[in-house]
Amino acid sequence: MTDAVLTQAPDSPEVERVGAPIPHATRDARAAEYVGQFGEFARGQEPMWLGAQRRAAIESFATLGFPTTSNEDWHFTSVAALLERTYVPVATASEALSARDIARFQFEGDWQTLVFLNGHFVGQLSQIESGLKVYAGPMSDALSDEARARIVERHFGGLADTRTHAFTALNSAFSGDGAFIHVAADTVAPRNVHLLFVSDDAAEGALVSPRNAIVLEHHAEATVMESYVALGNANYLTNAVTEVYVGDGARLRHYKIQRESINAYHVGSWYANQGRACTYEAFSFAIGADMSRTNIATLLDGEGSHVSLDGLYLVNGDQTVDHQTSVIHAKESCTSHELYKGVLDGDSHAVFNGKVYVHPEAQKTDGKQSNNNLLLSEGARVDTKPQLEIYADDVKCTHGATIGPVDSTALFYLKSRGIGPSIAIRLLTYAFAAEVLEELTIPAVRDELERLAFERFAVGA
Amino acid sequence: MSIKNEYMLDIKSLRAGIAEREILKGINLTINPGEVHAVMGPNGSGKSTLAQVLAGNPAYEVLGGSATYNGEELLVLEPEVRAQKGIFLAFQYPVEIPGVTNAYFLRSAYNEIRKARGEEEIDPLDFLDLIEERMKLVEMDSSMLNRSVNAGFSGGEKKRNEILQMAVLQPKLAILDETDSGLDIDALRIVAGGVNALRRPDNATIVVTHYQRLLNYIVPDFVHVLANGRIVRSGGKELALELEERGYDWLLDAA
């Protein structure tokens, strides 16, 4: 609907760096403070292997430090703001949460909810599924059962990249509670699982490090929603990691809604591994946080599998929203479809960096990637970089990006029917966003996100 | 004795253009309630520009002259205000808006116009009744309501959708910009039938067209020939027939 222009040529050598440079001394001193507090980081009883993973991770973090804009993957997003203080894990659980507080974050339909407040599991507001074939509960509970702990051990840390990703290393060192979801072969999880990560005012200054794993054995099916929400406007850092195993013939729908406090920082990383003939649908919806970063990486490691990576971000004011996706086609006849859309107002900034890598043996790959952005203000800025790296010869891959204002012809058409500019722009914005929301196959989720998207631009414009 | 609202539309020496190119070079035209005026002319004569300028398309710039609508200066008004005051433009190229359903679009427009007139918004169910009745006028299937505005519509469907909007919004002054272009004879008959059914003593219609054939169905009271940005000849409906027979060249030579 917009007159599209590609403003950012992929891999252009001279691009402006965003944000003030961070003095190395500050950056290193801050990293050292995190390394320093690792010694005091209180961990309850936990398996030896987990402690070993934590120690390896903090060593890796000490080596890596926080990323700078000279790091290619952080070229357009500065972490300077979140280096202004050292965030500290919240030691004890708060009791201050009621069912009424979280009612508005729930979905219609049959959902099982696991609630976490400032990094701690809230049992009285949650439902644990603990059957012979399906387990969905907090990691702390999963580890307390010997047989289940062995399944966790086989998967925990198997995909998360702590060697090159500083925030993933930081999560692996300080990881708090999170969800463990395991669905046995040929089994459909009886209910959709909603992981609700809540931060309240007690999260001020907190480092919240949810750590989740989703394991679908062959021909299993599940739907998992991760919601990051806030009660209040605290300044905290969420740094979440989810590892995802999609077995042969399995199907996982995996959604994220990021509506953190407007003063918060959010880094969320998903690492997925897909078997043969399976389907992974990942959707990221982002409207919150002062700065947010979503990393989604999947390895198509079996023939005939499909991944869809879709997302919608709606930002204004001084918000920064950054999505980095990586799809590695390692086997034949896989398909990857990716559509990210963004609406920017005020002085907001969006970054999209999508990588599709096709191995030499991944013939018959079908890859499609697009990123479309609608700018509602002069001050908004988008840096988009769709990238293809293809080493096979029999593939079909396309990619593209658009950035543009509201279409003036469509705007005049609506106005000529008596619709004033603010409603007209809202309608066109909503229509722009609706295309990607149509990808959502659960009506209750689609309706809720449509409502949030519409509400987001109800004022202003 | 002078009556302030003598004409519904009174255009005086109107000059307008696009991208610093003057297209309308002094248009004079008056329209009374109940009248149908045809504006004809060859390609590039300024017919569509006149329609767009009256509807308030910001892509066009008014360079001089004036236009009053029921005694009020029209050209300073925003397009949505003109629509709220009863002006309607049926687009030559209706715009596709994927993601907004026809039903939602029509109801928004209908309610915005009502609100501007200080009336209550319509109940969605009442609106459904209203719209289904109006759809019969243009022989449209109700499935079109749940489709995105004009997206994937055929040329004929788009033009019928324009007339449906007109039927719902009930304008005082309707401007049909080449509504006949791209229509087969059946669609032309349906569209013209819709326009005729909406004619009332207190509303007026401007039919902008290149060819006479639409005027077989929508019979004008006056015909004006536009050439090089000026009205070079005005007459009754017989002028359209003469143009059909002789073409435009004899008038261009005279101008």
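Among the conditions (1) out of contact with any helix residue (DSSP H, G or I) (no Cβ under 6 Å at 6 or more places or on another chain); (2) surrounded by fewer than 24 Cβ atoms within 10 Å (Cβ to Cβ), the only one that A:Ala149 does not satisfy is (1). At the interface with chain A (Cβ under 8 Å from one of its Cβ atoms) and either surrounded by fewer than 19 Cβ atoms within 10 Å (Cβ to Cβ) or charged (D, E, K, R) (or both): is that true of B:Pro98 in this structure? Yes. The set of residues in region A:71-88 that are assigned to a loop (DSSP other than H, G, I, E, B), surrounded by fewer than 19 Cβ atoms within 10 Å (Cβ to Cβ) and touching a residue at least 12 places away in the same chain (Cβ under 8 Å) comprises A:Arg85, A:Thr86. Tell me, yes or no, whether region B:84-92 has at least one residue that is in a helix (DSSP H, G or I), surrounded by 21 or more Cβ atoms within 10 Å (Cβ to Cβ) and of a type outside the set (Asp, Glu). Yes, the conditions are met somewhere in region B:84-92.
Mind checking whether some residue in region B:117-139 is touching a Gly at 6+ places or on another chain (Cβ under 8 Å) and within 8 Å of chain A (Cβ to nearest Cβ)? Before you say what the answer is, go through the steps one by one.
Quick first cut of region B:117-139, residues touching a Gly at 6+ places or on another chain (Cβ under 8 Å) only: B:137-138.
With the extra rule that they be within 8 Å of chain A (Cβ to nearest Cβ), the set shrinks to none.
Checking region B:117-139: not a single residue is touching a Gly at 6+ places or on another chain (Cβ under 8 Å) and within 8 Å of chain A (Cβ to nearest Cβ).
The condition of being β-branched (Val, Ile, Thr), surrounded by 21 or more Cβ atoms within 10 Å (Cβ to Cβ) and either at the interface with chain A (Cβ under 9 Å from one of its Cβ atoms) or not in a loop (DSSP other than H, G, I, E, B) (or both) holds for only one of B:Val81, B:Val39, that being B:Val39.
Here region A:364-387 is the region considered, the condition is being surrounded by fewer than 17 Cβ atoms within 10 Å (Cβ to Cβ) and farther than 30 Å from B:Ala55 by Cβ, and the residue that is farthest from the chain's Cα centre (by Cα) is A:Lys364. With respect to being hydrophobic (A, V, I, L, M, F, W, C), touching a residue at least 40 places away in the same chain (Cβ under 8 Å) and closer than 28 Å to A:Ser292 by Cα, A:Leu195 fits the description.
The condition (being free of Cβ contacts under 8 Å to residues at least 60 places away in the same chain, out of contact with any helix residue (DSSP H, G or I) (no Cβ under 9 Å at 6 or more places or on another chain) and more than 27 Å from A:Ala81 (Cα to Cα)) is satisfied by just one residue among A:Ser370, A:Ser292, A:Ser348: A:Ser370.
Mind checking whether some residue in region A:408-417 is surrounded by fewer than 18 Cβ atoms within 10 Å (Cβ to Cβ) and either more than 10 Å from chain B (Cβ to nearest Cβ) or under 27 Å from B:Asn150 (Cβ atoms) (or both)?
First pass over region A:408-417, keeping only residues surrounded by fewer than 18 Cβ atoms within 10 Å (Cβ to Cβ): A:408-409.
Right, trim to either more than 10 Å from chain B (Cβ to nearest Cβ) or under 27 Å from B:Asn150 (Cβ atoms) (or both) and you get A:408-409.
The answer is yes, given that some residue of region A:408-417 is surrounded by fewer than 18 Cβ atoms within 10 Å (Cβ to Cβ) and either more than 10 Å from chain B (Cβ to nearest Cβ) or under 27 Å from B:Asn150 (Cβ atoms) (or both).
One residue is enough: does region A:198-209 have a residue meeting the conditions touching a residue at least 40 places away in the same chain (Cβ under 8 Å), under 15 Å from A:Arg253 (Cβ atoms), under 20 Å from the mean Cα position of the chain (by Cα) and surrounded by 24 or more Cβ atoms within 10 Å (Cβ to Cβ)? No, that holds for no residue. For first residues located in region A:445-457 and more than 15 Å from A:Gly342 (Cβ to Cβ), partners that are of a type in the set (Ser, Thr, Tyr) and in a helix (DSSP H, G or I) and lie 6+ apart or on another chain with Cβ distances below 9 Å form the pairs A:Glu450/A:Tyr430; A:Phe454/A:Thr429; A:Phe454/A:Tyr430.
Bear in mind that the values in this text are calculations on the coordinates, not laboratory data. Keep in mind it's a predicted model, so treat the numbers as computed, not measured. Glycine also receives a Cβ, built like all others from the backbone with ideal geometry; neighbour counts cover every protein chain displayed.
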